[in-house]
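Bear in mind these aren't lab numbers, they're just calculated from the coordinates by the rules spelled out. All figures in this text were calculated on a predicted structure; none of them were measured in a lab. When we count neighbours, we look across all protein chains shown, and the Cβ atoms used for this are built from the backbone with ideal geometry, even at glycine.
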Amino acid sequence: MTDYRTLRVALLGAGAVGSQVADLLLRHGDELADRAGAKLELAGIAVRNLDAKREADLPRELFTTDAETLIVGSDIVIELMGGIEPARTQVLHAIASGADVVTANKALLATHGSEVFEAADQVGAEVYYEAAAAGAIPIIRPLRDSLAGDRVVRIMGIVNGTTNYILDRMDTEGADFADVLAQAQALGYAEADPTADVEGYDAAQKAAILASLAFHTTVPLDAVHREGITSVDAAMIESARHAGYVIKLLAVCERLAAEDGGTESISVRVYPALVDRAHPLASVHGANNAVFVQAEAAGDLMFYGAGAGGVQTASAVLGDVVSAARRHIAGGVGVGESTRANLPAVPIGRVITRYQITLEVDDRPGVLATVAGILSEGRVSIATVEQTVIEADENTQTGGSARLVIGTHKAREQDLSETVERLAASGVVERVVSVLRVEGN
Ligand code: NAP
């Protein structure tokens, strides 16, 4: 075997991902050394509980509860503990002590990314995080390197496997949200506390990371508009299907043209949206993830695969470890985060998209004209209308209730929401059943 220089690797965390990273590092050490140009020596694994059962058979003597000491003298520190603290402190400690950092921690990067990147910049260290946005799917390097010469216009991502699994089962089985969530929990696809997934927090963290990279801008988490999928019911899924759509929880990162002599801006949002069944994102099933990128020169690109899973995510982490090792051998300062564009993020009210509005209305003459009038006054133009009688007087076939499904042309979110409020108060609308954005063209 070639006589490589040895790099000391510290691993923080040996849970679902960390135990697989350690296992692969130990089993494929020679191969990884050939690719990295350096021997990667796993110096130790920091955990909370030395006696916890691990998903891989790892040498007991590698384990420690003293992360701080393990970090000192390491060339590469892999942070796979998750959460903000003590991950943040240990990552900053690793950078300060001269190591490059590899992490999969979206929560840390979405909330303290600037602090971590600035600390790394100051000492010429590098932070790698390929696994933080879409698990095993390579998307960070494509955005950071491959598309560095292009201008990304829009990203639409299915970046949360749990919610895609739930929505997909609701779509294929006509089942209700609560039933599918319970099954997903029993099968281990959803956590006992599913809030981070079903309320869109996890997707919002990933959206902040993707938008920051795509638009060379620091995007704080509170600039991401977030809605979860808990209000999506079987009737909405069926109505979407009827109109040729499927409902997906999307992370949308969009570059908006300059208005009134101002600068370009961006919109970053997470919500359940209608996607045309012919769109590539509509065929992302089960717990899979996909990121659809539209760039000015490259056109449409789609990245698809496993967004989570211990061993799958370990693949992305080890790719980063090899990159970090190569940089250590080659020398030179890190690339650093590109945030020079610093485009402002606009509030959701300024977003322009299409909508599907479903209303229950009185089924009597003139109602459709009233609804159309309110939409037109609110600068919301109608593209399609479908009316179904849901309760009718047996003799006149009117006088009951009807369901109106209105597809709009592009409208501004603020105009749309004010118009929906006026519809709700109009006296002819019995109930606003749902308002969904249509994304994908
Ligand atoms: P996990 O299964 O909960 O494992 C966490 C590990 O960190 C455990 O080994 C735990 O030790 C250790 N740990 C936690 N707090 C610690 C502390 N204070 N000091 C020392 N060790 C500590 O987490 P995971 O699923 O592997 O996820 C790790 C990271 O990868 C997270 O940032 C997550 O968001 C990200 N990620 C995960 C996936 C996935 O599919 N799981 C996919 C993409 C990204 P003990 O074992 O002793 O408790």
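Points to keep in mind about this one:
- Kirkwood hydrodynamic radius of the chain, from inverse mean 1/r over distinct Cα pairs, in Å: 23.7
- Charge tally for residue 213 (other residues, Cβ to Cβ under 15 Å; Lys, Arg +1; Asp, Glu -1): +1.
- Cα long-axis angle, helix 201-215 against the chain (0 to 90 degrees, to the nearest 10): 80
- Considering only Cα atoms, the convex hull volume of the range 200-277 works out to 113 Å³ per residue.
- Just checking the listed ones, 333, 321, 116: in the Gaussian network model of the chain with Cα springs under 10 Å, the one fluctuating most is 333.
- Longest site-free stretch - the chain; sites: GluC sites (Glu not before Pro), DSSP loop, at most 11 other Cβ within 10 Å: 1-258
- Its Cα centre serving as origin, the range 107-158 has a Cβ charge dipole (Lys and Arg +1, Asp and Glu -1) of approximately 300 debye.
- Two-decimal ratio, the range 1-53, of alpha-carbon radius of gyration to 2.2 N^0.38 Å: 1.23
- Restricting attention to the chain, lysine pairs at least eight places apart or on different chains and with alpha-carbon atoms under 24 angstrom apart total 4.
- Using alpha-carbon coordinates, inclination of helix 310-330 to the longest axis of the chain, degrees: 50
- Distance (nanometres) between label positions extended 7 Å along Cα→Cβ at residue 185 and residue 418: 4.2
- Dmax and Rg, reported as Rg then Dmax, of the range 309-385 (C-alpha, Å): 26.8, 78
- Tilt relative to the chain, helix 161-173 - C-alpha long axis, 0 to 90 degrees, to 10: 40
- The trypsin sites (Lys or Arg not before Pro) of the range 334-384 meeting both criteria, a DSSP state outside H, G, I, E and B (loop) and at most 15 other C-beta atoms within 10 angstrom of the site's C-beta, are 340, 379.
- Legend: ranking of residues 358, 384 from fewest to most surrounding C-beta atoms inside 10 Å; resulting order 384, 358.
- Note on residue 401 and residue 65: the extension gain reaches 114.4 nm, defined as 0.36 nm multiplied by sequence separation minus the Cα-Cα distance.
- Neighbourhood net charge (10 Å Cβ-Cβ; Lys/Arg +1, Asp/Glu -1) for residue 141: -2
- Close amide H partners of residue 63, meaning residues 5 or more places away or on another chain with modelled amide H under 5 Å apart, are 45.
- Phi-based couplings in Hz for the range 125-132 (Karplus 6.51, -1.76, 1.60; Gly and Pro marked x): 8, 10, 10, 10, 8, 4, 7, 7
- DSSP-defined antiparallel bridges as percent of all bridges, the chain, nearest 5: 70
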